[in-house]
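First comes the structure, then the notes that go with it.
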Amino acid sequence: MRKLSNNSFLTIKVSIKILLIVSLLTGMSYVNKKENMKIKYEDAIKISNNFLQSKGFDTQKTETILDPKNEKWVKYYSNNKLLIEYYSELLKTLEDKNYWAIHYVPKKMTSIIKGGGAWVFIDVTTGKVISYFLEK
């Protein structure tokens with residue numbers, strides 16, 4: 001087994017410190033984004049409901065999935081390379097934006113509603129719809 005030099009240990013220590021600082025800043029950035037919000041998640045759902053209803057989507061036949069940290073949205077597209085390619089324009093639109101991802105799913109799978117389910121993306125600062133899509 002090869003012995004590491006003092007320079008190697010120094011490099012490893014510096015690398016670990018940098019990783020810790022980046023992790024801390026990333027976490028603080030998330031907190032700061034949430035602190036700077038102008039609208040609440042509940043208000044975003046109301047905005048989203050009104051928007052979808054204006055498009056002819058019956059939100060009464062769906063269940064709104066609460067996901068304030070957008071974890072379900074990230075999981076939805078990131079587990080499938082085809083979805084990433086399919087939603088590439090949407091992902092570019094959402095890049096570097098602070099948004100709520102609101103997911104609508106049919107209450108009953110036998111319900112027939114336009115598009116089945118839907119995703120709406122609301123800007124957390126302005127309350128405007130950034131984008132949306134209907135699931136087929």
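Quick notes on this one:
- A search for C-beta distances below 9 Å between a residue of segment 85-96 that is part of a helix (DSSP H, G or I) and any residue that is at pLDDT below 85 and of a type in the set (A, V, I, L, M), counting only pairs 6+ apart in sequence or on different chains, returns Leu91/Ile84.
- Unique match (being charged (D, E, K, R), out of contact with any Pro (no Cβ under 8 Å at 6 or more places or on another chain), buried (at least 17 other Cβ atoms within 10 Å of the Cβ) and modelled with pLDDT under 85) among Asp67, Asp123: Asp67
- For the residues Tyr87, Tyr77, the requirement of being assigned by TED's automatic domain parsing to the domain that holds Gly116, within 16 Å of the chain's Cα centre (by Cα), crowded, with 17+ Cβ neighbours inside 10 Å and within 21 Å of Lys128 (Cβ to Cβ) singles out Tyr87.
- Glu42 vs. criteria acidic (Asp, Glu) and either touching a Leu at 6+ places or on another chain (Cβ under 8 Å) or over 13 Å from Ile122 (Cα atoms) (or both): no
- Failed criterion for Ala101 (all others in (1) among the aliphatic types (A, V, I, L, M); (2) in a helix (DSSP H, G or I); (3) touching a residue at least 24 places away in the same chain (Cβ under 8 Å) hold): (2)
- Residue pairs meeting the criteria (Cβ under 8 Å; at least 6 apart or on separate chains; first within 15 Å of His103 (Cβ to Cβ) and at pLDDT 95 or above, in segment 34-59; second β-branched (Val, Ile, Thr) and in a loop (DSSP other than H, G, I, E, B)): Ile47/Ile39
- Pairs with Cβ under 6 Å, 6+ apart, first in segment 62-77 and of a type in the set (Val, Ile, Thr), second part of a helix (DSSP H, G or I): Thr64/Ile45
- Any hit, segment 106-113, residues being at pLDDT 85 or above and of a type outside the set (Asp, Glu): yes
The values are calculated or read from the model by the stated rules, or taken from the named source; none is laboratory data. Computed from a prediction, not measured in an experiment: that's the story for all the values here. For neighbour counting, all protein chains shown are included, and Cβ atoms are generated from backbone atoms with ideal geometry for every residue, glycine included.
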